[in-house]
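What follows draws every value from the coordinates through simple rules; no lab data is involved. Source: prediction; values computed, not measured. When we count neighbours, we look across all protein chains shown, and the Cβ atoms used for this are built from the backbone with ideal geometry, even at glycine.
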Amino acid sequence: MTISLAVPDILVARARAGDLEALEALYRAFETPVYNLVLRMLRTPEDAEDVLQETFLEVVRSIKQYRGEGHLWGWIKRIAASKALMRIRRNQVRATEQLDEESTGQQVGYAGPELTRSGSVAGVPARIDLERAFEQLSETSRSVVWLHDVEGYTHEEIAELMGKTVSFSKSQLARAHARLRRMLDAEGAAR
């Protein structure tokens with residue numbers, strides 16, 4: 001599904017000239033689609049809010065470089081996806097550092113909910129839907145699936161955004177699809 005959010009050329013020209021009202025109008029026009037995109041890539045509304053703000057700070061800083069080639073939404077979406085991927089990398093580094101601290105005994109924190117033998121959270125039914133299955137993917141896999149299957153990015157574009165190879169994008173997508181199928185098949189068998 002491709003969103004074609006058109007804004008008047010005069011609004012873009014005013015924004016490029018630094019007109020604060022025009023910049024605010026662009027923010028209002030693209031706020032919801034940017035938030036929805038980054039929320040799908042990230043797990044938390046807090047991260048999505050932060051990335052929304054980072055995206056529009058970048059839009060304000062870089063709007064003069066926008067050459068009008070292609071839709072403005074495509075340009076903003078690319079900035080948002082890039083910022084979300086940077087947040088994922090930052091979160092992965094933090095998670096690795098926390099694991100390192102925990103393994104050395106320096107800091108022990110809450111490990112999360114207790115899982116039962118079936119893999120469900122203790123006291124919670126094992127039912128799963130597509131949304132929850134999607135949430136169980138790693139941030140990287142979820143981002144690749146969302147960018148490819150929903151946003152329509154090619155593997156080449158995803159690889160460029162993530163600083164990886166095309167084969168990385170393809171293998172992440174294949175593994176994520178397989179994992180989603182397994183989770184959904186297990187849900188069907190449990191019913």
Pseudo-spin-label distance SER62 to ARG43, built 7 Å along Cα→Cβ, given in nm, is 2.7 nm
Per the 1/(1 + (r/R0)^6) rule, R0 = 22 Å and r from the Cβ atoms of VAL150 and ARG94, FRET efficiency to 0.05 is 0.25
For SER167 and GLN136, extending 7 Å from Cα along the Cα-Cβ vector and measuring point to point gives, in nm, a value of 3.0 nm
Sequence order, segment 165-176: Karplus ³J(HN,Hα) from phi using 6.51 cos²θ - 1.76 cosθ + 1.60, θ = phi - 60°, Hz rounded, Gly and Pro as x, gives 8, 4, 5, 4, 4, 5, 5, 4, 5, 5, 5, 5
Protection proxy (average C-beta count within 10 Å per residue), highest first, orders 139-147, 82-90, 62-70 as 139-147, 82-90, 62-70
